[in-house]
1. Leaving ligands and nucleic acids out of the surface, order 262, 42 by accessible area at 1.4 Å, largest first.
2. Leaving ligands, DNA and RNA out of it, rank 12, 31 by accessible area with a 1.4 Å probe, largest first.
3. So the label point goes 7 Å from the Cα of residue 212 along Cα→C-beta, right? Which residues of the stretch 137-165 then have their backbone N under 15 Å from it?
4. Net charge around residue 26, counting only other residues with Cβ within less than 11 Å of its Cβ (Lys, Arg = +1; Asp, Glu = -1)?
5. The stretch 134-188: percent of C-alpha pairs farther apart than 12 Å?
6. What is the ratio of the Cα radius of gyration of the stretch 175-275 to 2.2 N^0.38 Å, with N the residue count, to two decimals?
Amino acid sequence: MSSEKIHIMDTDGAVELDLSVSNGAVNVTVDPTAVYGRVRVHTGASEGAVADAVNDTTFTAHGARLTVSVSDDMVGGIGGSNVVQVGGSTFSFGGGVVNTGYMTGVTISDGDIWIGGQRVVANGQVVAQQGAKVGGATGTITVDVVLPAGSSLAVSTKNAETTVRGDLEAIRFDARNGSLQAGGVKVLEAETHNGSVLVDRVEEELEASTHNGSITVGAYNGRRGSARTHNGGVNISATPAASGRLAARTHNGNIRVRGAGHLDLKTSTHNGRVW
């Protein structure tokens, strides 16, 4: 059993997609033969917080603009709880003390206990049938997107990896913990606290910053660019088509910019090398 929600655009052609998802994976494919944009949000879980998050996903379309909001699967309807992530496990605490050995896929709050996406205790009472087998992963949210050529993408996430295959007009990426890997884009704006930015090609404008993570641009053709990291390296290859100013700054990390002799290049690092 699984859970999913699907939206297909009513308007043909390029899409301006604004996606908000807390956790999981985002896979975007730009298909030049596609007529209508399509978004599928899914998980292998049929119940529990992850399944609820998928089922509560909202799609709002206005012409070519589509806003997709996936509920926070860390919350699961528990108000005022604290969430702790350890490895691949998530634990929610609404107060009090919990003594444990090893726990995987367990959520505890307000007298309720979920294991493997199944509620086994509700309000202090055991609700699982005798002999029921529980455990395993609670499921992961995956967002699969197909966009026609000429589309743009905005992703806001707490903990989701984002992969884009194909070329987009613009990408705006904002993540607390998550990396971006993309093909070609005209305008890139990316900011992540823990995660890297890897882009094959930037055609016009680059604005990327990370706190813990590297920034890599395979081919920079732009006219204005800035790459900043606190802990991480910057690696950019400029082409003869690039122009204007390009700035690369790190606090702890190396900077390598190739082919930028014809640009107004500014580099600085506190602990690192520039070459």
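The values are calculated or read from the model by the stated rules, or taken from the named source; none is laboratory data. Being a predicted model, the structure only gives us computed values, none of them experimental. Cβ sites come from the backbone with ideal geometry, for glycine too, and all protein chains shown count toward neighbours. Calculation scope for accessible area: heavy atoms of the full protein, side chains included, ligands and nucleic acids excluded. Shrake-Rupley method; radii C 1.70, N 1.55, O 1.52, S 1.80 Å.
1. 262, 42
2. Greatest to least solvent exposure: 12, 31.
3. Counting only backbone N, you get 159-160.
4. Cβ neighbours under 11 Å give a net charge of -2.
5. Counting every Cα pair in the stretch 134-188, those more than 12 Å apart make up 67 percent.
6. 0.95
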